[in-house]
1. Anything in region 31-57 that is more than 12 Å from the chain's Cα centre (by Cα), surrounded by 12 or more Cβ atoms within 10 Å (Cβ to Cβ) and in contact (Cβ under 8 Å) with a residue 40 or more places away in the chain? List them, or say none.
2. Only one of Lys96, Lys119 is touching a residue at least 24 places away in the same chain (Cβ under 8 Å) and in a strand (DSSP E or B); which?
3. Which of the residues belonging to region 122-156 are of a type in the set (Ser, Thr, Tyr) and not in a helix (DSSP H, G or I)?
4. Scan (1) modelled with pLDDT of 95 or more; (2) closer than 18 Å to Ser23 by Cα for the single condition Val106 breaks and write down its number.
5. If we keep just the residues of region 8-34 that are touching a strand residue (DSSP E or B) at 6+ places or on another chain (Cβ under 8 Å) and of a type in the set (A, V, I, L, M, F, W, C), which is nearest to Glu149 (Cα to Cα)?
6. Are any of the residues in region 90-101 modelled with pLDDT of 95 or more, of a type outside the set (Val, Ile, Thr), under 16 Å from Asn47 (Cα atoms) and buried (at least 17 other Cβ atoms within 10 Å of the Cβ)?
7. Can you tell me which residues in region 104-156 are under 19 Å from Gly58 (Cα atoms), among the small types (Gly, Ala, Ser) and surrounded by 16 or more Cβ atoms within 10 Å (Cβ to Cβ)?
Amino acid sequence: MQNRMKTHQLTNDEINLLLDEESVGRLATIGAGGFPYVIPVHYVHHNQKIYIHGLVRGQKLDNIAANPNVCFEIDLFEGFIMPDEKSPCDVNTKYKSVIITGTAKVVEDETIKEDALNKIVEKYTPTLAGAPFGSGIKATTVIEITVKECTGKYYS
């Protein structure tokens, strides 16, 4: 366990609130050459899972098909904590962060896919909530992350 996790853990309620409020997360997959591949994504936290939408082709999908193990991260930068003395080594950061490890898969069930897309629309463009998706839904993939471990920490 990281040292700061021993004294600065977020509660489950604080983790859920941060997951619901933040707008950009970072999805890490494992590429064909064994290197991590990290991309910023829009997401929604729903039914204790993370849902991400995107195009029907791409590197993240290729990576997930080859290895479903992923990491998902969000953070809230709240500013710098300046020291009383003028020492740059004593500057700290006020933040909150959540790291999730789990497994990802493409959602095949149309009901779950549409439900996840509706939640994403409600989160990012609430004025369009309830509008029909039309043919655009066929050009959209939804990725579901099942959470294996979730940790949150803060510093203030």
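1. Result: Gly54, single match.
2. Details: Lys119 fails: in a strand (DSSP E or B).
Unique residue meeting the criteria: Lys96.
3. Going residue by residue through region 122-156, those that are of a type in the set (Ser, Thr, Tyr) are 124-125, 127, 135, 140-141, 146, 151, 154-156.
The answer is Thr125, Thr140, Thr141, Thr146, Thr151, Tyr154, Tyr155, Ser156.
4. Every listed condition holds for Val106 apart from (2).
5. Step by step, filter region 8-34, then rank; the result is Ile15.
6. First pass over region 90-101, keeping only residues modelled with pLDDT of 95 or more: 95-101.
With the extra rule that they be of a type outside the set (Val, Ile, Thr), the set shrinks to 95-97.
Now narrow it down to the ones that are under 16 Å from Asn47 (Cα atoms): none.
No: zero hits.
7. Passing the criteria: only Ala104.
The values are calculated or read from the model by the stated rules, or taken from the named source; none is laboratory data. Here the structure is a predicted model, which means the values were calculated and not measured. Reconstructed Cβ throughout: ideal geometry from the backbone, glycine too, with neighbour counts over all protein chains shown.
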